[in-house]
Amino acid sequence: MTAREDAAALRRGLDAPPARPDDRIDPPYDDSVGRLDPSLGGLGRQVGGMRSDTTGGASGPARAGSARARVYAWLRRAIVLCEITPGRALSENELAAALGVSRTPVREALQQLADDGLVVVRPQQGTATSLISSRQVREAQFVRELLERSALQLACQRARPMDLEPLDDLLVVQRRAAERRDFAEFFDSDHRLHRALIMLSGFEGLVPIAETARAHLDRIRALTLPESTTMQRLLTEHSEVVEHVRSGDAGRADGALRAHLRAVLSDLPVMRARYPAYFESEPDDGAGIELSGLAVALQAPPTLHPTQRARRSRS
C-alpha cells in the first residue's frame, strides 16, 4: 500500500460518521474496527507514509537523528489521538518492522515518550502506552490554563488587525472540518489556533511548555471529538475568544478562554465512565481550580513580608 493510500485510509477512518442513534460512537481510533496491522493498534495505517520518510536521503548520525524524531512524532500523534489505545502493549521489533526503521530510533522514541508520560516501560514486563490518569489530566489542565490565560492578556494588548488574519483562517479550516466531520483536521487546526494565540503574547517560549502540558488533555479530547455537538461547540468557543481579542476586551476574552479550557474537566468523568479500561484505577475527587484573579496576580508587584517592608522603608 502506498503512502497516498495509507493517508486515504487514515482519513476514511477518522471521517467515519456516528453509528449509534444516541449520537455516541466508540473511540474513532479504536483498534477493534479493522486495521492494516491490528497487532499495532492501528499504526499500520500510517506505515506507508512513515516508510516514505525514512528511506533514502541522508545517512549517518544526522539520518539516525531524523529517523528518531519522525518515529517519535508518529507515535506521539498516534497515542494522543488514541489511534494506539491506552494500555496497548508496544513491541520494539514490531514497531521497527512496521515503520521501516531499525530498533534504535524506536527505542529512543519510546524513551522520550516515557519522559512525556505517554508510555510506561516496565522491566521484565515490557512497554505499553500509559493509561489515562485523571490526576494528570487535571494537573495538565491547570498548567495549560495558567499559561494560556496569561498569554491572552498580553495578546489583547498587542494584537493588531493583521495579526488576527491567521486566526480567522484557522476558524474557516475548523468550520469546514466540522462540516466534514474530519476529526484529524479539526484536531490539528485546534492546536494551531491555540499556538497562534500564545504567539501573539510575544512569549514564543511558552509554546513548547503548553504543548507538553496538552499531551494528557489531548487524549480526552480525542475521545470526545466524535460526539455530535463537540466540534461545533469548540468552534463557537474559539470564535468568541478571537472576537474578544479583536475588540481588545481582555476581560471577556479571559472569561471565554477560561470556560473553553475548563470544558475538559466536565468531559473527564464522562469519558472515564464510558471507557474505564483506558483509565488508571485511582480516586477522582473532581477537584477544580480557581484562577479568576490570575492576570491581576501575575502583573501585580510581589507582596512583601512586614519585615521586608520595614527594611525597604529604612533603605
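Could you give the length gained by full extension between Glu204 and Gln232, i.e. 0.36 nm per residue of separation minus their alpha carbon distance, to one decimal place?
Computed gain between Glu204 and Gln232 is 7.2 nm.
Using only Cα coordinates, the Kirkwood hydrodynamic radius of region 134-293 works out to 16.1 Å. Residues whose amide H lies under 5 Å from that of Phe279, counting only those 5 or more places away or on a different chain, are Ile132; hydrogens are built 1.01 Å from N in the peptide plane. Per-residue Karplus couplings for region 101-109, computed as 6.51 cos²θ - 1.76 cosθ + 1.60 with θ equal to phi - 60°, are listed in order as 10, 6, 6, 4, x, 5, 4, 5, 5 Hz, Gly and Pro entered as x.
Local charge sum around Pro123 (other residues, Cβ-Cβ under 15 Å, Lys/Arg +1, Asp/Glu -1)? Cβ neighbours under 15 Å give a net charge of +1. Taking amide H positions as modeled 1.01 Å from N, with prolines and chain starts lacking one, the residues under 5 Å from Leu90 and 5 or more places away or on another chain are Thr127, Ala128, Thr129.
In order along region 117-125, the Karplus-derived 3J(HN,Hα) couplings, from 6.51 cos²θ - 1.76 cosθ + 1.60 at θ = phi - 60°, round to x, 9, 10, 10, 10, 10, x, 6, 10 Hz, and Gly and Pro are given as x. Taken one residue at a time, the phi angles of region 199-208 give Karplus couplings (6.51, -1.76, 1.60, θ = phi - 60°) of 4, 5, 6, x, 9, 4, x, 6, 4, x Hz. Gly and Pro are set to x.
In this structure the amide hydrogen of Val119, modeled in the peptide plane, comes within under 5 Å of the amide hydrogens of Ala114, Ser130, none closer than 5 places in sequence on its chain. Once the Cα-Cα distance is subtracted from the 0.36 nm per residue extended length, the Asp116 to Glu165 segment shows a gain of 14.3 nm.
Values quoted throughout were computed directly from the atomic coordinates according to the rules given, and no laboratory measurement underlies them. Predicted model only: the values in this text are computed from it and were never measured. Because the Cβ atoms are built from the backbone with ideal geometry, glycine has one as well, and the counts that use them run over all protein chains shown.
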